[in-house]
1. With respect to Ile184, determine if the residue is under 29 Å from Lys305 (Cβ atoms) and either surrounded by fewer than 19 Cβ atoms within 10 Å (Cβ to Cβ) or assigned by TED's automatic domain parsing to the domain that holds Ala273 (or both).
2. Which residues, counting only those in segment 72-94, are over 15 Å from the mean Cα position of the chain (by Cα) and over 23 Å from Tyr219 (Cα atoms)?
3. Val272 versus (1) at pLDDT 90 or above; (2) within 22 Å of Asn205 (Cβ to Cβ); (3) among the β-branched types (Val, Ile, Thr): which is the lone unmet condition?
4. Could you check Leu293 against (1) touching a helix residue (DSSP H, G or I) at 6+ places or on another chain (Cβ under 8 Å); (2) within 29 Å of Thr155 (Cα to Cα); (3) among the aliphatic types (A, V, I, L, M) and say which number it fails?
5. Return the residue satisfying two criteria in turn: it lies in segment 121-173 and is within 17 Å of the chain's Cα centre (by Cα) and aromatic (Phe, Trp, Tyr), and of such residues it is surrounded by the fewest Cβ atoms within 10 Å (Cβ to Cβ).
6. Looking at Val304 and the list (1) in contact with an Asp or Glu (Cβ under 7 Å, 6 or more places away or on another chain); (2) in a helix (DSSP H, G or I), which single condition is not satisfied?
7. Kindly check whether there is at least one residue in segment 16-37 that is modelled with pLDDT under 90, over 30 Å from Pro238 (Cβ atoms) and in contact with a Phe, Trp or Tyr (Cβ under 6 Å, 6 or more places away or on another chain).
8. Which ones in segment 265-287 are in a helix (DSSP H, G or I) and surrounded by 10 or more Cβ atoms within 10 Å (Cβ to Cβ)?
Amino acid sequence: MLLFSCTTIVVIFITLFAMSDEHASAKDFFATTVNNSGWQNGIAFIIGMNGANWSFSCLDVATHLAEEMPRPSTDIPKALMWTIVVGLVSGLLVVTSVLINVPVIDGADDNSALALFYRITGSKAASVGLWVPVMITAIGAVWSIQTWQSRLAWTISREAGFPMHRHLSKIAPSPLHTPTWSLIFSASGTAIFGCLYLASDLAFNSLISTGLLLQYISYSIPVSLALSQGRSNFKHGPFWYPKLGFAANIVMLAWSAVALIFYCFPYYLPAVADEMNYASAVLAGIAIITISLWFFYAKKNYEVKEYLGH
């Protein structure tokens, strides 16, 4: 699937440049700033990073498959770093080919990928031809998503972290050998959140922004503990860079603090109810639910278990 995805990106890049009737100049692409948000350019840039950051969200997915890897201590760090490299290169290729060749984005009623392909190529056949491989890649991504999130739900349930842990922690017998109930549970939750988009795209976007902030909070907790307790006091893996790792930890915490502030800002000024960013409200609601779950259930039932790997 990775080879198919990379091939799709190369085909999209070449096709859009080959079939576009007009191209943006280097000055317009690299030096011209279009800011219709009402914010100052610097603030608008940081807020606009939300979408780019979401493209690199869930980088920790490989860690949730550690027990199914032959060499997790080396394979997981490699998977994390190659995800960033492949995502950066592929993302730059797609964004460059679209923004240089698209006639206009501002004011368009539909800026979906299919609509952008059509406005650039002027051909319905070419647009569909480019869109079908994207959909196939998306289906492959869904398989991966369901795999890691079901393992995450299963791991938490195995330690009695969920009220229904007795069912969610079960592994289906041969030939599946899969946490089926955790898979159904996590997939159902994803489907429910997806239906939210049908009711309100504003609520859905706020939920997506909150998901990114929750990841930053989750990453910040172990990093903060490592720094406060002393990084040298933890057992080191095969990839250990004392100075570079310390700098990366500081940058990560600093960026998380910036994101927690600016990603809660409204996208446009003046702010109106229909275009407001409710990520802070959603974050507060999730915090209330999580704290309540801890005090009323998990504090008495949740038990961290140590599983030794090889």
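1. When the stated conditions are applied, Ile184 passes them.
2. Answer for segment 72-94, where residues must be over 15 Å from the mean Cα position of the chain (by Cα) and over 23 Å from Tyr219 (Cα atoms): Val89, Ser90, Leu92, Leu93, Val94.
3. (1)
4. (1)
5. Trp143
6. (2)
7. Checking segment 16-37: at least one residue is modelled with pLDDT under 90, over 30 Å from Pro238 (Cβ atoms) and in contact with a Phe, Trp or Tyr (Cβ under 6 Å, 6 or more places away or on another chain).
8. Glu275, Ala279, Ser280, Ala281, Val282, Leu283, Ala284, Gly285, Ile286, Ala287 - these are the residues of segment 265-287 that are in a helix (DSSP H, G or I) and surrounded by 10 or more Cβ atoms within 10 Å (Cβ to Cβ).
The values are calculated or read from the model by the stated rules, or taken from the named source; none is laboratory data. Note that the structure is predicted; figures quoted are calculated from it, not measured. No Cβ is skipped: glycine too gets one built from the backbone with ideal geometry, and neighbour counts run over all protein chains shown.
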